[in-house]
1. Assuming 0.36 nm per residue, please report the length gained on full extension of the stretch residue 74 to residue 25 beyond their Cα-Cα distance.
2. Determine, from the Cβ-Cβ distance of residue 103 and residue 82 and an R0 of 30 Å, the FRET efficiency 1/(1 + (r/R0)^6), rounded to the nearest 0.05.
3. For region 45-109, divide the Cα radius of gyration by the Kirkwood radius and give the resulting Rg/Rh value with two decimals.
4. Rounded to the nearest whole Å², what accessible area per residue is found for the chain with the 1.4 Å probe?
5. Computing the accessible area with a 1.4 Å probe over protein heavy atoms, can you report the carbon and sulfur percentage for the chain?
6. Based on the Cβ-Cβ distance from residue 13 to residue 41, what FRET efficiency comes out when R0 is 22 Å, to the nearest 0.05?
7. Over the Cα atoms of the chain, what radius of gyration and what Dmax do you get, in Å?
8. Which one of 75, 16, 87 is farthest out on the positive end of the charge dipole of the chain, using unit charges on Cβ (Lys, Arg +1; Asp, Glu -1) and the Cα centre as origin?
Amino acid sequence: MEKEAKKEAFRKYLESSGVLDALTKVLVALYEQNDKPSSATEFIQQKLGGPTLAEYEKLQTEFSDLQTRYNELLAAHQEKSRECEELKNTHNQASMNESAEDAQSAKPN
């Protein structure tokens, strides 16, 4: 009984969110096609607003390229940040040494 209630709740959810209507319209459009497409799945994806398989593969490739570029830029940024930190430390150390030397030379003998 609980299983049937879950099924009914899910069906109502699909109906209230417009999924059943959207799928019905797409399936009717596919049925009414005189020349049936070679890929019914791709036809449905296009009608629902999704990318074609070729577009999806192109997007995957683009994403992979961008991820690689991001990783390269991140590594370069980290290296530059490390170099900057080293320069700050060197500068701070030099300033401290200079201040100590100034203090030492300012002392009367």
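1. Computed gain between residue 74 and residue 25 is 13.0 nm.
2. 0.40
3. Rg/Rh for region 45-109 comes to 1.63.
4. 89
5. Carbon plus sulfur share of accessible area: 56 percent.
6. Plugging the Cβ-Cβ distance into 1/(1 + (r/R0)^6) gives 0.40.
7. Values for the chain (Cα only, Rg and Dmax): 33.1, 106 Å.
8. Comparing the listed Cα positions along the dipole, 16 ranks first.
The values are calculated or read from the model by the stated rules, or taken from the named source; none is laboratory data. Keep in mind it's a predicted model, so treat the numbers as computed, not measured. Please note: Cβ atoms are built from the backbone with ideal geometry, for glycine as well, and neighbour counts cover all protein chains shown. Each accessible area value is taken on the protein alone, full model and side chains, heavy atoms only, with ligands, DNA and RNA left out. Shrake-Rupley method; radii C 1.70, N 1.55, O 1.52, S 1.80 Å.
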